[in-house]
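Novice: My structure is below; once you've seen it, I'll send some questions.
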Amino acid sequence: MKRDAEATADEELPQPPRPLRRDRDFGVFWVAQTLSVLGDSFALIALPLLVLHATGSVAQMGLLTAVGGAASVVAGVFAGVVVDRVDRRKLLVTCDLLRMALYAVIPLVWVFGPRIWLLYVVLPLCEAVGMLFSVAYVTVVRNLVGVERITEANGRLNATAAAAGVAGPVCAGLVAAWFGPAAAVGVDAASFGVSAVCVGFVRFKGTTRPAPGAAAGAGAVRRLRTDLLAGVSFLVRHPVLRVLTVLLSFFSFLTLGLNDLLIYHLKHDLGRDDAAVGTVFAAGALGTIAGALLVARVRRRLGFGPTWIGSVAVCGCALAGVGWAHSVPAVAALTAVFLGFGSVAGTCSMSLRQEVTPEHLLGRVTSAFWTLHYSAAPAGAAVLTWAAGRHGTAVVGVVAGVCCLLVAVLALLTPVRRPRTDGAGATGRQPLTPE
């Protein structure tokens with residue numbers, strides 16, 4: 001009897017979670033997310049090529065990009081409300097199917113000749129749907145892997161997203177060269193269809209349905225203002241997320257223009273060709289992948305605060321050195337360091353939001369964080385590139401890098417510096433002050 005009791009007790013002990021590499025549902029979801037990013041990367045190249053082939057106008061290309069970006073920003077304001085009001089799994093599948101249908105229209109219509117107006121209809125709709133998908137995707141990771149494995153899961157997802165972001169444009173260029181840009185859009189549409197099928201086979205461990213009382217209806221219209229402010233309110237109340245939102249807003253303001261700064265430095269200052277630009281960005285992608293794969297291990301050893309602050313500080317040092325680098329290998333190495341540690345910091349902050357936010361608020365908090373985080377970034381990119389043209393990349397890089405170091409120093413004076421945070425919010429209770 002005693003042996004039987006001991007055996008029963010052993011069976012009741014919580015079993016350690018399976019490694020992610022053996023988790024079938026995470027693997028299927030991983031494939032689905034990678035395909036979605038790959039599809040977005042195809043569209044990034046194929047749609048501008050369609051405009052260029054049909055009109056020969058760079059201005060038309062820029063206008064189409066601007067319209068799509070505006071639709072994404074507008075959708076981001078409301079995405080969190082939608083995600084918290086519907087079944088998130090069904091929303092993911094629906095978003096992929098909608099993008100598949102919308103993008104599939106383009107090659108079908110192009111058979112009868114170019115229709116530029118169609119692109120101005122399809123791209124904004126797809127960008128808006130893509131924003132919904134992105135917010136919903138962030139909210140379901142916790143249901144998929146559990147709180148204890150969020151950082152590792154995010155790292156793997158971000159690593160393959162970075163790889164797909166590099167491979168997508170390359171493959172899109174090859175398909176467009178062999179079969180035409182319309183065919184590349186068709187491949188894009190197919191990728192979303194496969195992604196939808198994959199998500200349909202995923203078994204989530206927690207509920208992806210809205211909380212009781214959260215169903216949409218006539219009252220939802222009256223509560224819209226409250227819903228839109230709910231995510232902001234949670235960020236303001238949480239001691240760590242409040243500070244992170246402010247600090248990351250400054251960090252984004254200082255760094256969003258890095259791509260333009262790198263291109264200007266390589267082409268104007270060093271007189272290099274497009275191949276050199278490609279080499280530098282490929283190295284940066286490798287850095288992003290490495291950072292995403294290592295972030296879980298580093299955070300387990302150092303804790304959240306030291307990992308995030310240290311990563312931001314290293315980013316500042318790398319940015320300060322970019323303008324002074326006079327060879328392509330040096331620029332590539334600094335770019336890889338910046339993007340690698342930027343990936344570590346970004347994955348940590350996203351994982352923290354998923355850990356401490358109550359389930360019924362996760363969509364609105366994610367949407368609010370992204371909107372506030374990136375609100376000033378486009379202005380920062382404009383200022384950074386204007387200053388580089390006027391004063392040179394070396395001076396601008398040093399100033400921006402030193403300011404990033406100041407962001408890390410300021411973080412040392414806030415609750416962000418603490419290694420551990422309390423994940424009580426994941427169960428729906430109010431989060432406590434970090435330990």
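The values are calculated or read from the model by the stated rules, or taken from the named source; none is laboratory data. Remember, predicted model here, so these are calculated numbers, not experimental data. Every residue, glycine among them, receives a Cβ derived from its backbone with ideal geometry; neighbour counts consider all protein chains shown. In case anyone asks, the SASA skips ligands and DNA or RNA and just uses the protein heavy atoms, side chains included. Shrake-Rupley method; radii C 1.70, N 1.55, O 1.52, S 1.80 Å.
Novice: Which condition does residue 8 not pass, out of (1) among the β-branched types (Val, Ile, Thr); (2) modelled with pLDDT of 75 or more; (3) surrounded by fewer than 19 Cβ atoms within 10 Å (Cβ to Cβ), if it passes all the others?
Specialist: That leaves (2) as the condition not met.
Novice: May I ask you to list pairs of residues, at least six apart or on different chains, whose Cβ atoms are under 7 Å apart, with the first in segment 317-330 being over 21 Å from residue 254 (Cα atoms) and open to solvent by less than 40 Å² (accessible area, probe 1.4 Å) and the second being assigned to a helix (DSSP H, G or I) and modelled with pLDDT under 95?
Specialist: 328/276; 328/279; 328/280
Novice: Only residues that are within 20 Å of residue 35 (Cα to Cα) and acidic (Asp, Glu): list them for segment 139-182, please.
Specialist: Within segment 139-182, just 152 meets the criteria.
Novice: Here is a further query. Residue 333: modelled with pLDDT of 90 or more, over 19 Å from the mean Cα position of the chain (by Cα), small (Gly, Ala, Ser) and crowded, with 17+ Cβ neighbours inside 10 Å, yes or no? I'd like the intermediate steps shown before the answer.
Specialist: Numbers: modelled with pLDDT of 90 or more: yes; over 19 Å from the mean Cα position of the chain (by Cα): yes; small (Gly, Ala, Ser): yes; crowded, with 17+ Cβ neighbours inside 10 Å: yes.
Criteria met by residue 333.
Novice: So, one more: Has segment 125-132 got at least one residue that is within 28 Å of residue 235 (Cβ to Cβ), modelled with pLDDT under 85, of a type outside the set (A, V, I, L, M) and touching a helix residue (DSSP H, G or I) at 6+ places or on another chain (Cβ under 6 Å)?
Specialist: The answer is no, given that none of the residues of segment 125-132 is within 28 Å of residue 235 (Cβ to Cβ), modelled with pLDDT under 85, of a type outside the set (A, V, I, L, M) and touching a helix residue (DSSP H, G or I) at 6+ places or on another chain (Cβ under 6 Å).
Residues are listed down the side, and each one gets a yes or a no for (1) open to solvent by 20 Å² or more (accessible area, probe 1.4 Å); (2) of a type in the set (Ser, Thr, Tyr); (3) modelled with pLDDT under 90; (4) within 24 Å of residue 418 (Cα to Cα):
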| residue | (1), (2), (3), (4) |
| --- | --- |
| 340 | no, no, no, yes |
| 346 | yes, no, no, yes |
| 358 | no, no, yes, yes |
| 363 | no, no, yes, no |
| 366 | no, yes, yes, yes |
| 371 | yes, yes, yes, no |
| 374 | yes, yes, yes, no |
| 379 | yes, no, yes, no |
| 382 | yes, no, yes, no |
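Novice: Taking segment 270-305 as the region of interest, how many residues are touching a helix residue (DSSP H, G or I) at 6+ places or on another chain (Cβ under 6 Å) and over 30 Å from residue 30 (Cα atoms)?
Specialist: Result for segment 270-305: 2.
Novice: A follow-up question, please. Conditions: (1) farther than 30 Å from residue 355 by Cα; (2) open to solvent by less than 20 Å² (accessible area, probe 1.4 Å). Residue 99 meets all but one. Number of the miss?
Specialist: The failed condition is (1).
Novice: Sort out for me the helices (runs of 4 or more DSSP H) sitting completely within segment 141-259 that have 2 or more residues that are touching a Pro at 6+ places or on another chain (Cβ under 8 Å) and at pLDDT 85 or above.
Specialist: Details: elements: 150-179, 181-200, 218-222, 224-237, 239-255.
Passing ranges, in order: 181-200, 239-255.
Novice: A follow-up question, please. Go through segment 384-394 and give me each residue that's part of a helix (DSSP H, G or I), touching a residue at least 24 places away in the same chain (Cβ under 8 Å) and either open to solvent by 10 Å² or more (accessible area, probe 1.4 Å) or basic (Lys, Arg) (or both). Please lay out each step first, then the result.
Specialist: If we filter segment 384-394 for residues that are part of a helix (DSSP H, G or I), which is where we start, we get 384-391, 393-394.
Imposing the further condition that a residue be touching a residue at least 24 places away in the same chain (Cβ under 8 Å) reduces the set to 384-385, 388-389, 393-394.
If the condition is that a residue be part of a helix (DSSP H, G or I), touching a residue at least 24 places away in the same chain (Cβ under 8 Å) and either open to solvent by 10 Å² or more (accessible area, probe 1.4 Å) or basic (Lys, Arg) (or both), then 384, 385, 389, 394 are the ones that fit.
Novice: I need a count of the residues in segment 108-157 that are open to solvent by less than 10 Å² (accessible area, probe 1.4 Å) and free of Cβ contacts under 8 Å to residues at least 12 places away in the same chain.
Specialist: Within segment 108-157, residues that are open to solvent by less than 10 Å² (accessible area, probe 1.4 Å) and free of Cβ contacts under 8 Å to residues at least 12 places away in the same chain number 0.
Yes or no, residue by residue, for (1) buried (at least 19 other Cβ atoms within 10 Å of the Cβ); (2) modelled with pLDDT of 80 or more:
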| site | (1), (2) |
| --- | --- |
| 29 | yes, yes |
| 33 | yes, yes |
| 40 | yes, no |
| 51 | yes, no |
| 54 | no, no |
| 58 | no, no |
| 65 | no, no |
| 75 | yes, yes |
| 78 | no, yes |
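Novice: Pairs, please: C-beta under 9 Å, at least 6 apart or cross-chain, first residue closer than 10 Å to residue 103 by Cα and in contact (Cβ under 8 Å) with a residue 24 or more places away in the chain and in segment 179-199, second acidic (Asp, Glu) and surrounded by 24 or more Cβ atoms within 10 Å (Cβ to Cβ)?
Specialist: 192/96
Novice: Just to be sure before I move on: is residue 293 surrounded by fewer than 23 Cβ atoms within 10 Å (Cβ to Cβ), closer than 30 Å to residue 81 by Cβ and under 18 Å from the mean Cα position of the chain (by Cα) in the structure I sent?
Specialist: Details: surrounded by fewer than 23 Cβ atoms within 10 Å (Cβ to Cβ): yes; closer than 30 Å to residue 81 by Cβ: no; under 18 Å from the mean Cα position of the chain (by Cα): yes.
When the stated conditions are applied, residue 293 does not pass them.
Novice: List pairs: first residue in segment 28-40 and over 18 Å from residue 202 (Cα atoms), second residue polar (S, T, N, Q) and at pLDDT 80 or above anywhere in the structure, Cβ distance under 6 angstrom, at least six positions apart or on different chains.
Specialist: As it stands, the answer is 38/191; 39/191, since those pairs meet every condition given.
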